[in-house]
Each structure stands twice: as C-alpha cells, then as structure tokens.
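Only one structure is covered here, and it is reproduced in the block below.
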Amino acid sequence: MLELLPGTGVGLPGGAGTLRFGTGPEEAVALLEAAAPRTYWGLQCGSLTLREYAEPRHAHDAWLSGYLHQPGWNVVAVFGGLQMTLDGGGPDAPDRLAGIRITAWESAAGAADAGVVWDGVDLFGHPSEEVLAVLPEPVRPPEARGWVAVPGLSLRLGGEHVAAGEPWHDLVLNGDAHGGWERCCRGRFGCLNGGNGLVGLML
C-alpha cells in the first residue's frame, strides 16, 4: 500500500522509506529500485522530451497530462496492482522530483495490493463519489477532461471512463510548486495558456 503525503511525497510499502519531492532522479530511481518488486525503464520511443516542443506551454500541458517523461525520470515501478511513474520539475528544474503518478491496473482497482491511502482513506478502494465526499474541496476545473482536482492536497484524480459506483484508478500528486513551469503559466492542474498535450504525439 502506498501512502500519499501531500507536500512531502509518497510513503513506500514495507517501511522502505519516503519518495520525497525535490529529490534528484538518481536518488529517486535508486529508492524505487530497492522498494518495488519490479522496476523497468519506459520506452523512449513512447515518451516525449522537452526538445520536441517549440513552446514550453505545450510541454507543460503534456507534463500535466502524463505524456512528458524526461529521460532521467523514465522509470516505472510496479507495486502489485499499482504502477508508479515520476516527473521532474520542468524547464528550470528538471533535476528535482515534482510529480508522482500512480495508476491501478483496471482489473486490480479496489484489490488489496492496489491501495493508495491518504489520511486513512483508500482512494482506489471505494466508489469514486464516496472518495470525493471525504476529500477537502474537490473541484472539476473548466479544463478538466474527466478528472477532479483537489488543490488543497496538490492532487488530481483521473480516469476518463470512471462510471458511477466505480473506483478511481489514476492520480497525480504534485509538490507544492510545479517546478520550472511558472514561465509558462501558473496552472497546476491544467495549462492556462492554451497548451496542447497532443502536440508531438503524432510521429
């Protein structure tokens, strides 16, 4: 089970320590390799880097959408039914951890080894609306595409096809600051300057 620690990072299972925001890629990857039963490097051909964007705002939106993986952060850690990926802080802070994405395999959502806990609440273990009822002031921003933001926790819950009564199966926890993206805009959960997360995806 993974524990969300807003403003700090994620507590890893079995007393393996805490993956902390601000950590460099080598330290973060080493911690995950020691803690996770399985890790592997994502395919670079399926990832995008900052060099592929003409404007930072496009990269910002792709980063927020989970499409942008800077090479040093492209590790995938598997904890039972959960998959974790990492994101650096953007143009001015690529060397510090700024975002942690956790996804439950859809077939494993709600399973005992797919738990993601905040303040005693298993975010993937209950129907989505029940989870929203206990989170502090969740909102659906105008730019939301099937996801919900919880600004007070720097948390985004996602899954475009989460039906009523079904659990969430995707989340992103951000650090207090969203890294070097301030030069693009101040949007934490969506690019406010018209960014396009699909730019560069069609090769």
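Odds and ends about this structure:
- Residue match in segment 6-29 (condition: out of contact with any Ser or Thr (no Cβ under 7 Å at 6 or more places or on another chain) and of a type in the set (Lys, Arg)): no
- Neighbours by Cβ (under 6 Å, 6+ apart or cross-chain): first from segment 5-17, at positive phi; second surrounded by 14 or more Cβ atoms within 10 Å (Cβ to Cβ) and among the basic types (Lys, Arg): Gly9/Arg20
- Residues located in segment 188-203, provided they are modelled with pLDDT under 75 and open to solvent by less than 50 Å² (accessible area, probe 1.4 Å): Gly197, Val199, Gly200
- Apart from one condition, Leu50 fits all of (1) within 28 Å of Glu182 (Cβ to Cβ); (2) free of Cβ contacts under 8 Å to residues at least 24 places away in the same chain; (3) surrounded by fewer than 21 Cβ atoms within 10 Å (Cβ to Cβ); (4) among the hydrophobic types (A, V, I, L, M, F, W, C); the exception is (2).
- For segment 171-186, filtered to residues that are part of a loop (DSSP other than H, G, I, E, B), modelled with pLDDT of 75 or more and out of contact with any helix residue (DSSP H, G or I) (no Cβ under 6 Å at 6 or more places or on another chain), the residue that is nearest to Gly115 (Cα to Cα) is Gly175.
- Residue within segment 153-164 that is surrounded by 20 or more Cβ atoms within 10 Å (Cβ to Cβ), closer than 19 Å to Leu50 by Cβ and at pLDDT 80 or above present: no
Table: residues versus (1) over 14 Å from Gly89 (Cα atoms); (2) modelled with pLDDT of 95 or more; (3) in a strand (DSSP E or B).
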| site | (1), (2), (3) |
| --- | --- |
| Val10 | yes, yes, yes |
| Gly22 | no, no, no |
| Glu26 | yes, yes, no |
| Ala34 | yes, yes, no |
| Arg51 | yes, no, no |
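- Restricting segment 36-47 to residues that are open to solvent by 50 Å² or more (accessible area, probe 1.4 Å) and outside any loop (DSSP other than H, G, I, E, B), the residue that is farthest from Gly72 (Cα to Cα): Arg38
- Residue within segment 63-70 that is small (Gly, Ala, Ser) and under 22 Å from Asp170 (Cβ atoms) present: yes
- Scope segment 76-119; condition assigned to a helix (DSSP H, G or I), of a type in the set (A, V, I, L, M, F, W, C) and either surrounded by fewer than 23 Cβ atoms within 10 Å (Cβ to Cβ) or at pLDDT 90 or above (or both); matching residues: Ala112
The values are calculated or read from the model by the stated rules, or taken from the named source; none is laboratory data. Since the structure is predicted, the reported quantities are computational estimates derived from the model, not experimental observations. Because the Cβ atoms are built from the backbone with ideal geometry, glycine has one as well, and the counts that use them run over all protein chains shown. To get the accessible areas, we keep the full protein, side chains included, count just its heavy atoms, and leave off ligands, DNA and RNA. Shrake-Rupley method; radii C 1.70, N 1.55, O 1.52, S 1.80 Å.
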